[in-house]
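The values are calculated or read from the model by the stated rules, or taken from the named source; none is laboratory data. Treat the numbers as computed from the prediction; the structure is a model and nothing was measured. Please note: Cβ atoms are built from the backbone with ideal geometry, for glycine as well, and neighbour counts cover all protein chains shown.
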Amino acid sequence: MEKYIEPQPGAASSPVDRVMQVQRWLSEITIVVMCLMIAAEVVCRSLFDFSLLIADELGGYFLVALVFLGMGCALHDGALFRVEFVLRSLPERGQRALQLLFDVLGLGFAVLLTWQMYGLVRESYESGVEAATTLATPQYIPQIVMVVGAATMTLVLLAKCAAGVRVVFGRQA
């Protein structure tokens, strides 16, 4: 079965590819920072008998960032939302049609998720909600990453749907 969007490792040919490259880069930086922060917390607790008091809070924010930033990347690379045993049991035209149906349903979900996450961020910003922690982080700051991740997943699904329509309805070989 042909993929609707062929990822181009190392080369960004479309706007969606470029957005995914930036998102991967941000995810990689997030992992490195999270590992360094956890290592610093472990060293401080075991060698110096004190805590930085921020590792738990920031670690949670980084984990949410990785999940939401990773959704679009995984979907773009064809590593998310695949049920191979069902697809392989169908003829090629059926595989394409089922994938298009799934992408359209996923797009609807992604649009709804993006809209709801945006509402959450707006509400948190307007009400001035802060974390009840040492940092007292305004909650809209880490929530913005959820909106960005959901929006990029929507972008990828929109591109997949457009390519899927061309493939299913014969405008592309």
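Six or more apart or on different chains, Cβ atoms under 7 Å: show the pairs whose first residue is in region 121-138 and part of a loop (DSSP other than H, G, I, E, B) and whose second is surrounded by 10 or more Cβ atoms within 10 Å (Cβ to Cβ) and of a type in the set (Ser, Thr, Tyr). If the second residue must be surrounded by 10 or more Cβ atoms within 10 Å (Cβ to Cβ) and of a type in the set (Ser, Thr, Tyr), the pairs left are Ala131/Thr137. The residue list Ala110, Ala65, Ala79 contains one member that is under 23 Å from the mean Cα position of the chain (by Cα), over 18 Å from Ala162 (Cα atoms) and surrounded by 16 or more Cβ atoms within 10 Å (Cβ to Cβ), which is Ala65. Screening Leu90 on (1) in a helix (DSSP H, G or I); (2) closer than 18 Å to Val167 by Cβ shows it passes everything except condition (1).
Being touching a helix residue (DSSP H, G or I) at 6+ places or on another chain (Cβ under 8 Å) and either modelled with pLDDT under 95 or outside any helix (DSSP H, G or I) (or both) holds for only one residue in Ala74, Ala11, and it is Ala11. Within the option set Ala131, Ala150, Ala163, being among the small types (Gly, Ala, Ser), touching a helix residue (DSSP H, G or I) at 6+ places or on another chain (Cβ under 7 Å) and either surrounded by 21 or more Cβ atoms within 10 Å (Cβ to Cβ) or over 18 Å from Ile54 (Cα atoms) (or both) holds for one residue only, Ala150. Screening Ser51 with (1) part of a helix (DSSP H, G or I); (2) at pLDDT below 95; (3) loosely packed, with under 14 Cβ neighbours inside 10 Å; (4) not charged (D, E, K, R) gives one miss only, at (1). Does Arg96 fit the bill of being crowded, with 18+ Cβ neighbours inside 10 Å and either more than 22 Å from Leu63 (Cβ to Cβ) or touching an Asp or Glu at 6+ places or on another chain (Cβ under 8 Å) (or both)? Against the criterion (crowded, with 18+ Cβ neighbours inside 10 Å and either more than 22 Å from Leu63 (Cβ to Cβ) or touching an Asp or Glu at 6+ places or on another chain (Cβ under 8 Å) (or both)), Arg96 qualifies. Of the residues making up region 141-152, one or more are within 18 Å of Gln21 (Cα to Cα) and either among the charged types (D, E, K, R) or in contact with a Leu (Cβ under 6 Å, 6 or more places away or on another chain) (or both). Listed conditions (1) loosely packed, with under 12 Cβ neighbours inside 10 Å; (2) under 23 Å from the mean Cα position of the chain (by Cα) are all met by Asp56, apart from (1).
Scanning region 19-47 for residues that are of a type in the set (D, E, K, R) and either closer than 23 Å to Leu75 by Cα or surrounded by 15 or more Cβ atoms within 10 Å (Cβ to Cβ) (or both) gives Arg24, Glu28, Glu41.
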